[in-house]
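Input: a single structure, listed below in structure tokens.
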Amino acid sequence: MVSAVLVERRDHVLVVVINRPQAMNAVDAAVSTGVGEALVRADTDPEIRAVVLTGAGERAFCAGADLKAIGRGENIFAPGHEDWGLAGYVRHPISKPTIAAVNGFALGGGTELVLASDLAVAAETATFGLPEVARGLFAAAGGAFRLPEQLPRKVAMEMILTGEPVTAARALEVGLVNRVVPAEQVLDAALALAERIAANAPLAVQASKRVALGLVDGRIDDDAAWDLTHREIMGVARTADVREGTLAFAEKRTPRWQAR
């Protein structure tokens, strides 16, 4: 059986690969479990000083939640660790620096994984965006509040409210990513950045991250933002517009919104 997540240690860097290229590296329970467990390993192993997260194949970094799995009624979170959030990652902060190596599409939950990372390197062919509003939903894995925190507010609001994607070049311009490189160099560039970090005093690096993020005892004080997100998405998810948005997407037509 092929593993949904591949984990490889390269010197002081742990490389974590979402390995579902046939599904655009969409997140199911196996992905959430594998990535979450890799983060636990990284945080508890003193020899690991940085983590690089990427996707298998050339088309996609991560397409977000596996809608087919959700449609079958499956849980896409790590069983017993639902608190880790999407992909076992978006609500699972660790002291070791994390770097997203974005090798293709990073739409919806894929962009939210980038937002949950400390740094990001993107292929020239990468695409970012939060298209949920075009389907009757919103970015509920942290995107709706992290994007305005990390980007100029009006840039973030345009992305959130229009749902339009942006290129890697635009992502670099507005500060969503740190580097843009040719597609074949994206993992090497992320590893080089991780190795540069790993060359520094590890305890000082980890303390710096905790102070920068307000990370105390494995938690960041963002519960209010998550609570509001949960309340809003539960309300939106019950609307007729969600059903219409999903159906229109499947039928490749313009949605007919009812605002109810």
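Counting only residues that are of a type outside the set (Asp, Glu) and open to solvent by 80 Å² or more (accessible area, probe 1.4 Å), which one in the stretch 200-219 is modelled with the lowest pLDDT? Step by step, filter the stretch 200-219, then rank; the result is Arg219. Looking at Ser32, is it in contact (Cβ under 8 Å) with a residue 12 or more places away in the chain and open to solvent by 10 Å² or more (accessible area, probe 1.4 Å)? Here the answer is no, as Ser32 does not meet what is asked.
Scanning the stretch 239-256 for residues that are open to solvent by 90 Å² or more (accessible area, probe 1.4 Å) and without any contact (Cβ under 8 Å) to a residue 60 or more places away in the chain yields Glu251, Lys252, Thr254, Arg256.
Okay, residues lined up against (1) surrounded by fewer than 23 Cβ atoms within 10 Å (Cβ to Cβ); (2) at pLDDT 95 or above:
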{"position": "Ala69", "(1), (2)": "yes, no"}
{"position": "Pro79", "(1), (2)": "yes, yes"}
{"position": "Trp84", "(1), (2)": "yes, yes"}
{"position": "Tyr89", "(1), (2)": "no, yes"}
{"position": "Lys96", "(1), (2)": "no, yes"}
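In the stretch 60-87, the residues that are over 16 Å from Gly109 (Cα atoms) reach residues that are of a type outside the set (D, E, K, R) and open to solvent by less than 80 Å² (accessible area, probe 1.4 Å) with C-beta atoms within less than 6 angstrom, at least six apart or across chains, in these pairs: His81/Gly36. Taken over the stretch 104-117, the residue count meeting the criterion of being open to solvent by 10 Å² or more (accessible area, probe 1.4 Å) and assigned to a strand (DSSP E or B) is 2.
For the stretch 51-67, taking the residues that are small (Gly, Ala, Ser) and surrounded by fewer than 21 Cβ atoms within 10 Å (Cβ to Cβ), the one that is farthest from Lys209 (Cα to Cα) is identified as Gly57. Out of Ala101, Ala120, Ala140, Ala144, one residue alone is over 25 Å from Val52 (Cβ atoms), buried (at least 19 other Cβ atoms within 10 Å of the Cβ) and within 12 Å of the chain's Cα centre (by Cα). It is Ala140.
For the stretch 128-167, filtering for residues that are touching a residue at least 60 places away in the same chain (Cβ under 8 Å), of a type outside the set (D, E, K, R) and part of a helix (DSSP H, G or I) leaves 3.
All of Arg170, Arg253, Arg243, Arg231 fail the test of being farther than 26 Å from Asp11 by Cα, of a type outside the set (Asp, Glu) and assigned to a loop (DSSP other than H, G, I, E, B), apart from Arg253. Of all residues in the stretch 220-238, none are more than 23 Å from Phe145 (Cβ to Cβ) and either among the aliphatic types (A, V, I, L, M) or exposed (fewer than 12 other Cβ atoms within 10 Å of the Cβ) (or both). Being in contact with a Gly (Cβ under 7 Å, 6 or more places away or on another chain) and of a type in the set (S, T, N, Q) holds for only one residue in Thr127, Thr111, and it is Thr111.
The residue of the stretch 13-29 that is farthest from the chain's Cα centre (by Cα), among those that are over 18 Å from Ser117 (Cα atoms) and either surrounded by fewer than 17 Cβ atoms within 10 Å (Cβ to Cβ) or in contact (Cβ under 8 Å) with a residue 60 or more places away in the chain (or both), is Gln22. Consider Ala189 carefully, then state whether it is of a type in the set (A, V, I, L, M), assigned to a helix (DSSP H, G or I), surrounded by 11 or more Cβ atoms within 10 Å (Cβ to Cβ) and at pLDDT 95 or above. Against the criterion (of a type in the set (A, V, I, L, M), assigned to a helix (DSSP H, G or I), surrounded by 11 or more Cβ atoms within 10 Å (Cβ to Cβ) and at pLDDT 95 or above), Ala189 qualifies.
The values are calculated or read from the model by the stated rules, or taken from the named source; none is laboratory data. Computed from a predicted model, the values in this text were never measured in an experiment. With ideal geometry, Cβ positions are generated from the backbone for all residues, glycine too; neighbour counts draw on all protein chains shown. The accessibility values were calculated without ligands, DNA or RNA, using every heavy atom of the protein model including side chains. Shrake-Rupley method; radii C 1.70, N 1.55, O 1.52, S 1.80 Å.
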